Amino acid sequence: MCTSIFVTSKTKQHYLARTMDFVFPLEATPIFIPRGYVWKSLSGEEHTSQYAFIGSGSAAEAKYLLADGINEKGVSIAELYFSGEARYQDELIKDKINLAPHEFITWLLGDIASITDLRHKINDICLQNIPNKMINTTVPLHYIVSDVSGESIVLESDNSEGILKIKENSLGVMANSPELEWHLKNARNYLGLDNHAMLSREVDQFDLLPTGLSSGTFGLPGGFTSSERFIRAVYLRHVMLWEGDEAEVVNQIIHLLDNVSVPKGAVKNNQGECDYSQYKAVFNNNELIYYHQPYSTHVISKIDLKQLVDNKEVKVYNVLKINEFSEIE
């Protein structure tokens with residue numbers, strides 16, 4: 001369970017943001033990866049990153065794994081669970097870049113300079129049915145990607161060949177299964193949603209009056225299923241104000257993500273474990289700024305990638321995880 005949005009502010013700054021919802025404790029933290037970073041895929045192939053990048057992730061399998069991130073070219077990406085839909089290859093394909101699904105973000109951030117660049121290289125990628133050793137399963141994933149041009153796309157391998165397809169994402173929202181096309185069709189069921197109050201009507205000489213200013217949102221789904229979170233995110237992205245300075249826009253994005261975040265205890269699996277929003281992340285593609293907020297605090301950590309791009313070493317950050325309260329008199 002995860003939700004991601006892409007928004008453009010009135011000042012033409014482009015932001016990708018996401019909630020990371022999961023049962024397994026990821027202990028995700030900001031990680032900076034430098035240019036020239038050498039890593040080996042579980043397919044056996046070795047890679048060297050051209051670009052520096054930063055994102056949320058953890059150390060595993062003798063390398064760093066990111067669930068989202070932004071690189072020095074302003075390309076940002078987030079992966080979300082795609083249960084029952086993702087299709088992968090069972091055998092390595094010659095002359096292709098063979099990757100486990102959870103390795104794709106590391107490759108993209110290290111090698112892709114724009115969505116145009118990605119369009120030229122996407123057919124070189126072959127995602128393999130290779131398990132993530134942290135959870136002992138091949139992770140079913142799809143991806144949302146954006147860049148400094150203001151374009152946002154979705155990548156899904158929901159075909160029998162297991163080939164990643166680029167899908168246009170004009171609504172700027174992504175959640176989990178089903179595939180993007182299903183969510184876009186489902187959005188047609190909510191054309192009546194509005195941030196203005198409904199108009200009064202006379203029915204059989206009786207005046208029906210709206211119940212309040214929020215009457216236009218009647219029917220907005222409130223559950224935590226993928227389809228419900230998708231619709232809430234689309235509605236809010238459309239009606240919220242994306243104006244003001246950087247702090248105001250990021251604050252608005254966090255408020256939107258709060259509306260699709262899953263609190264502990266609201267959703268459990270069959271073993272009684274909580275699936276909840278372990279962190280939120282926001283990326284400013286233009287200014288190369290990364291924001292991270294763990295579940296345990298309302299404090300938002302900010303890291304400027306521009307100040308790090310010439311660093312030669314990996315850097316793992318420790319973010320504040322305890323709420324601090326200001327006392328007033």
Among (1) in contact with a Pro (Cβ under 6 Å, 6 or more places away or on another chain); (2) in contact (Cβ under 8 Å) with a residue 12 or more places away in the chain; (3) loosely packed, with under 15 Cβ neighbours inside 10 Å, Ile135 falls short only on (1)
Residue, surrounded by the most Cβ atoms within 10 Å (Cβ to Cβ), within region 257-271, restricted to residues that are in a loop (DSSP other than H, G, I, E, B) and either in contact (Cβ under 8 Å) with a residue 60 or more places away in the chain or touching a Lys or Arg at 6+ places or on another chain (Cβ under 6 Å) (or both)
Val260
What are the residues in region 279-305 that are without any contact (Cβ under 8 Å) to a residue 40 or more places away in the chain and open to solvent by 20 Å² or more (accessible area, probe 1.4 Å), if any?
Tyr295, Ser296, His298, Val299, Lys302, Asp304
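I'd like the residue in region 24-36 that is part of a loop (DSSP other than H, G, I, E, B) and touching a strand residue (DSSP E or B) at 6+ places or on another chain (Cβ under 7 Å) and, out of all such residues, is farthest from Ser4 (Cα to Cα).
Gly36
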Verdict on Ala233 being open to solvent by less than 60 Å² (accessible area, probe 1.4 Å), more than 24 Å from Met20 (Cα to Cα) and not β-branched (Val, Ile, Thr):
no
For residues in region 178-227 being β-branched (Val, Ile, Thr) and at pLDDT 90 or above, which is least open to solvent (accessible area, probe 1.4 Å)?
Thr217
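The values are calculated or read from the model by the stated rules, or taken from the named source; none is laboratory data. Computed from a predicted structure; not experimentally measured. Cβ atoms come from the backbone with ideal geometry, glycine included; neighbour counts cover every protein chain shown. What goes into the accessible areas is simple: the full protein's heavy atoms, side chains included, and nothing from ligands, DNA or RNA. Shrake-Rupley method; radii C 1.70, N 1.55, O 1.52, S 1.80 Å.
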